[in-house]
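Everything on this sheet refers to the single structure shown next.
The values are calculated or read from the model by the stated rules, or taken from the named source; none is laboratory data. Just so it is clear, the structure is predicted and the values come from calculations on it, not from any experiment. So basically every Cβ, Gly included, is an ideal-geometry build from the backbone, and we count neighbours across all protein chains shown.
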Amino acid sequence: MGGCAVGSLLGAPIKFLNVLPQEDRAYYYGQEAEDGVIELNATNGFFDRCFQAGGMGPADPEDQGMIRATFDHLRKGSADHGSARWHLWLPKPGTVQLRFLMTVPEAERGTEWTIRVGDQVQRLKTNSSDGRKAQDQGLRFDVAEAGKVTVAIDCSEQAPAKLSKIHRIQLKGAAVQQAKLLRARWRPAAAHLRFQAPDQCPEPKMWLFESVSVSQSSSYSPITTPFGYYGTVFNAEGKVNEGAGFNFSMWAVSMRGNAKTPPVEQMPRLIGTGISDAVYSSFGHEGTGLKFRNAVAYPDGAGRLIQAMRTETRNGVTTYYAYFYDESQQLWRLYGSGQKVANKKGSGELRSTGSFCEVPGPPQRERSGDIKRVIKRRGWFYGSDQKWHRAEIAKPSAKALRGLEMAKAAIAAGEDPGLDSEQNYYADDYASKGWVATATGGMENFLPLQQHQAAYGKEDADSERPAYMSPEKTAELFHLPVEFGTPKVTALGETSATVHYPIVKSGPNAKAVLYYGTKDCITFLANVAQSGSAAQKEIFSEERTWQSHTAELAVAEAVVDFQLSGLKPKTQYFYRVFVSHDDGKSWDEHSSHFTTE
């Protein structure tokens, strides 16, 4: 149709709408009908993966902040079922008439589409058309109540026609005269929430969180860490997918054009994992860093996430141990451990941690910013008193409180307060069970901080403590797949050495490899990154990776003796061992060294 994308309401401004009673404390943004007409199109609506948008063009200036492009049409997407949706604010009841501008090939003439306005349903039977004029059949709905009403193309029972395109739906009628098309970001802004240990928790160096998706909608909802992210994705049913793992990402180089790769000794590094199939790998998008791949934590999926993070700081390096609770086995497993050069304070305390909920994906394949995502979490911090202390929401800063007052003043003056859909609040059962909620998305917008309760962090004396926090289960959060003793060189010559390496704990079919060279290359091996970003290639270049290693040896009687030959006289060599077995694998957390005679 035409070739250029159709903008949303021909550039009509998006305005702040204060239309609900004050006690509802929710607000909308919308565009007014022009000459009594509202046009619904592929730019100003929302849809599941049963549709995809086509005919992309430049953004309408009035849509800035809502969507970064315009689109000419909707057509069938990758899924068979779902819907396309537009949301209206009707100031009064009355008729709503719909006319459809569609491209329908002759082969799909007579195809029926299910159209909903509110809770009313009608069927549209299409005639063949090139999209230049409306379909012969129009629809008329009588809306009995004013307020928010959704117009939807419902494909829950029948997939969209494969070749037809929906360009515009024109709305007219008595109910549309002063109506508004409600607008929201094509995908919701990420909602951020920070948790903190209560004041009575001494020297916290471990946290534990349980997370559930209350909504049947997809989201990426990790916990943030001092080195990156630790979390996974909830699917459209609010569950964890079969075969899912965690994103355990250790950032090394930022996206900035002038960012430099740190020297090897300053690099973060992966250490160990309790998943035997995991692959030590890297990433080069949105910055460069290290991560595990093929590390499946949930082969059968899951209904919730239970994860923990522990730290230890020694000799200027902090080691992070990331665990997850395997409900099928009823035990904690190490998902991954990694190291990072300690910050200036060097304490390794986990006094607080952040979290967020976001919706990834491009605007043409799925657009679900109208759907509210709610993630509930409950968490605890573990102190040096060897007790768990319930996590609290970090108290709002003075700046945040000033922002709240400024937003209220703007609303009172009839101005746009710049609201969004984010909500963070203590759930009703926080005192007894510890739940805190984070929400983003939906058409409603809220004042910042309005959902915070005045009594922060109040916990019932007999509040619930899940079984995965029992003393026996807590002890599992200190277990590692491999534990190492202190190596020593038992024989040393000009060109040879014998390294005696105790392996205090391993697992079935354990094997060990000793990596060595004249530079301490920590845990970096050559040929890990054959392609990727320039920083990835540099990280795994020859001068930054171990160049020599022994054969793989069986771990017998908790010790391995490695015979090294072909060495240079009077030369310092560094070495570090890597052990793998049926239940996990790990590098030693430290390198050692010797000098030949």
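For the stretch 328-341, the criterion of being closer than 23 Å to residue 192 by Cα and either not hydrophobic (A, V, I, L, M, F, W, C) or not in a strand (DSSP E or B) (or both) is met by none of the residues.
Taking the criterion of being surrounded by 20 or more Cβ atoms within 10 Å (Cβ to Cβ), of a type in the set (Val, Ile, Thr) and modelled with pLDDT under 95, the only residue of the stretch 10-42 that qualifies is 14.
Residue 212 falls short on exactly one of the conditions (1) in contact with a strand residue (DSSP E or B) (Cβ under 6 Å, 6 or more places away or on another chain); (2) outside the structural domain of residue 370 (by TED's automatic domain parsing); (3) over 30 Å from residue 56 (Cα atoms), and that condition is (2). Here are some conditions: (1) in contact (Cβ under 8 Å) with a residue 40 or more places away in the chain; (2) assigned by TED's automatic domain parsing to the domain that holds residue 463; (3) over 25 Å from residue 213 (Cβ atoms). Residue 307 meets all but one. Which one does it not meet? Just one mismatch for residue 307, condition (3).
Of the residues making up the stretch 511-521, one or more are assigned to a strand (DSSP E or B), over 25 Å from residue 283 (Cβ atoms) and among the charged types (D, E, K, R).
Looking for whichever is farther than 26 Å from residue 190 by Cβ, modelled with pLDDT under 95 and not assigned by TED's automatic domain parsing to the domain that holds residue 579 here; the options are 232, 273, 261, 288. Which one fits? The unique qualifying residue is 261.
For the stretch 99-127, residues that are under 25 Å from residue 444 (Cα atoms), assigned to a strand (DSSP E or B) and of a type outside the set (S, T, N, Q) total 4. Of all residues in the stretch 425-460, those that are under 13 Å from residue 375 (Cβ atoms) and modelled with pLDDT of 90 or more total 7.
Taking residues in the stretch 407-436 that are basic (Lys, Arg), and partners anywhere that are surrounded by 19 or more Cβ atoms within 10 Å (Cβ to Cβ), the pairs with Cβ atoms closer than 7 Å and at least 6 places apart or on different chains are 433/378. Of a type in the set (Gly, Ala, Ser), part of a loop (DSSP other than H, G, I, E, B) and surrounded by 14 or more Cβ atoms within 10 Å (Cβ to Cβ) - does that describe any residue in the stretch 132-140? There is at least one residue in the stretch 132-140 that is of a type in the set (Gly, Ala, Ser), part of a loop (DSSP other than H, G, I, E, B) and surrounded by 14 or more Cβ atoms within 10 Å (Cβ to Cβ). Taking residues in the stretch 160-179 that are over 21 Å from residue 118 (Cα atoms), and partners anywhere that are assigned to a loop (DSSP other than H, G, I, E, B) and at pLDDT below 95, the pairs with Cβ atoms closer than 7 Å and at least 6 places apart or on different chains are 165/131; 167/1; 167/131. Only one of the listed residues (176, 212) is surrounded by 16 or more Cβ atoms within 10 Å (Cβ to Cβ), more than 27 Å from residue 352 (Cα to Cα) and either at pLDDT 95 or above or touching a His at 6+ places or on another chain (Cβ under 9 Å) (or both). That residue is 176.
Here the condition is being under 30 Å from residue 15 (Cβ atoms) and modelled with pLDDT of 95 or more; of 142, 63, it holds for 142 alone.
If you go through the stretch 547-574 and keep only what is in contact with an Asp or Glu (Cβ under 9 Å, 6 or more places away or on another chain) and not basic (Lys, Arg), you end up with 553, 567, 569, 574. Among the residues of the stretch 70-100, just one is out of contact with any Asp or Glu (no Cβ under 9 Å at 6 or more places or on another chain), under 18 Å from residue 163 (Cβ atoms) and among the aliphatic types (A, V, I, L, M), namely 74. Apart from one condition, residue 401 fits all of (1) touching a Phe, Trp or Tyr at 6+ places or on another chain (Cβ under 9 Å); (2) on the phi < 0 side of the Ramachandran plot; the exception is (1).
Between 232, 273, 288, which is over 23 Å from residue 318 (Cα atoms), buried (at least 19 other Cβ atoms within 10 Å of the Cβ) and of a type in the set (S, T, N, Q)? 232 is the lone residue from the list that is over 23 Å from residue 318 (Cα atoms), buried (at least 19 other Cβ atoms within 10 Å of the Cβ) and of a type in the set (S, T, N, Q). Of all residues in the stretch 354-373, those that are over 22 Å from residue 43 (Cβ atoms) and in a strand (DSSP E or B) have Cβ atoms under 6 Å from Cβ atoms of residues that are charged (D, E, K, R) and at pLDDT 90 or above, 6 or more apart or on another chain, in 354/194; 357/373. Restricting the stretch 201-227 to residues that are aliphatic (A, V, I, L, M) and within 30 Å of residue 343 (Cβ to Cβ), the residue that is nearest to the chain's Cα centre (by Cα) is 223. Considering (1) farther than 30 Å from residue 64 by Cα; (2) assigned by TED's automatic domain parsing to the domain that holds residue 41, the lone condition that residue 170 does not fulfil carries the number (1).
The condition of being within 30 Å of residue 84 (Cβ to Cβ) and surrounded by fewer than 22 Cβ atoms within 10 Å (Cβ to Cβ) holds for only one of 401, 419, that being 419.
Table: residues versus (1) farther than 30 Å from residue 216 by Cβ; (2) surrounded by 20 or more Cβ atoms within 10 Å (Cβ to Cβ).
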residue: 239; (1), (2): no, no
residue: 245; (1), (2): no, yes
residue: 248; (1), (2): no, yes
residue: 259; (1), (2): yes, no
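Scanning the stretch 549-568 finds one or more residues that are touching a Phe, Trp or Tyr at 6+ places or on another chain (Cβ under 6 Å), assigned to a loop (DSSP other than H, G, I, E, B) and surrounded by fewer than 20 Cβ atoms within 10 Å (Cβ to Cβ).
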